[in-house]
Amino acid sequence: MALLFLAPLFAGVVTAHDPGTLTILLREDMIQPSEGTLVLNDSILFIHVDNRDNMTHEIGVDVDGDGIFDYSSGPLNRTCDRANDTDCLTAWTLRTENLTDLVGSNVFIDRDADGVEREIWINLTSDQHSGTTPPPIGQCFGSGCDETPTESEDEMKRSGQTDLQKGMMLLGLTLLGGAGLIFVSMIMGRQ
């Protein structure tokens, strides 16, 4: 019942995707999280938080299966002396915006200085939007573009609501009115 009332609110809702970041913490005994799903254009941020002395981590993924990392962080350290080592890293961000070869399921490897390897499962999906790209605002497309719009068609375009949305709102208002009528009659019957 509540769904009928809420359906008109969600009819025609459009969502967008801003680039996001999945943060993965590299700890002594675990990786948090050890799996994730991203959309192409998102980023993965790997942060070294392992407290063991002189322990480095390297993150990599072998996309083509040749045994060599196609994308690699290089050594990640717990701390860095930036004054003496400008190449030292404590974190690595992998931006996926142009990495279409990573679309699908990937196993990233976290290899620490002791040679211990842990897997990080990342599923990268393409950022696809349904439908085709619409023409610029003000241009007609589809059947009937050669016809001049009538006054009622112009009014429908201005309303911005589809017939389904209008019908759902009418149904919702009718049900709400009916429920209100039943409520009032119940109150009147108690008196």
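The values are calculated or read from the model by the stated rules, or taken from the named source; none is laboratory data. Treat the numbers as computed from the prediction; the structure is a model and nothing was measured. When we count neighbours, we look across all protein chains shown, and the Cβ atoms used for this are built from the backbone with ideal geometry, even at glycine.
Could you please find all residues in the stretch 97-117 being part of a loop (DSSP other than H, G, I, E, B) and out of contact with any strand residue (DSSP E or B) (no Cβ under 6 Å at 6 or more places or on another chain)?
Taking the stretch 97-117 and keeping what is part of a loop (DSSP other than H, G, I, E, B), we get 97-99, 103, 113-116.
Selection gives Glu97, Asn98, Leu99, Ala113, Asp114, Gly115, Val116.
For Asp70, are the conditions met, namely being surrounded by 10 or more Cβ atoms within 10 Å (Cβ to Cβ), at pLDDT below 85 and within 29 Å of Thr37 (Cα to Cα)? Show your work before the answer.
On the way: surrounded by 10 or more Cβ atoms within 10 Å (Cβ to Cβ): yes; at pLDDT below 85: no; within 29 Å of Thr37 (Cα to Cα): yes.
No; evaluated as a whole, the condition is false for this residue.
Considering only residues that are farther than 20 Å from Asn106 by Cα and charged (D, E, K, R), which ones fall in the stretch 41-63?
Asp50, Arg52, Asp53
If Ala2 satisfies every condition in (1) at pLDDT 95 or above; (2) among the hydrophobic types (A, V, I, L, M, F, W, C); (3) loosely packed, with under 14 Cβ neighbours inside 10 Å but one, which is the exception?
Looking at each condition in turn, Ala2 falls short on (1).
Hey, any hits in the stretch 126-148 for a residue that's modelled with pLDDT of 80 or more, closer than 30 Å to Leu38 by Cβ and not in a helix (DSSP H, G or I)? Spell out the reasoning first.
Filtering the stretch 126-148 for residues modelled with pLDDT of 80 or more gives 126.
Cutting the leftovers down to closer than 30 Å to Leu38 by Cβ gives us 126.
Then drop every residue that is not not in a helix (DSSP H, G or I), which leaves 126.
The answer is yes, given that some residue of the stretch 126-148 is modelled with pLDDT of 80 or more, closer than 30 Å to Leu38 by Cβ and not in a helix (DSSP H, G or I).
If a residue must be part of a loop (DSSP other than H, G, I, E, B), closer than 16 Å to Ile109 by Cβ and in contact (Cβ under 8 Å) with a residue 60 or more places away in the chain, how many such residues does the stretch 31-40 contain?
Matching residues across the stretch 31-40 total 1.
Of all residues in the stretch 76-115, which are over 31 Å from the mean Cα position of the chain (by Cα), of a type outside the set (Gly, Ala, Ser) and surrounded by fewer than 12 Cβ atoms within 10 Å (Cβ to Cβ)?
Selection gives Thr79, Asp81, Arg82, Asn84, Asp85, Thr86, Asp87, Asp114.
Quick one: how many residues across the stretch 69-91 are under 17 Å from Thr23 (Cα atoms) and among the polar types (S, T, N, Q)?
The total comes to 4.
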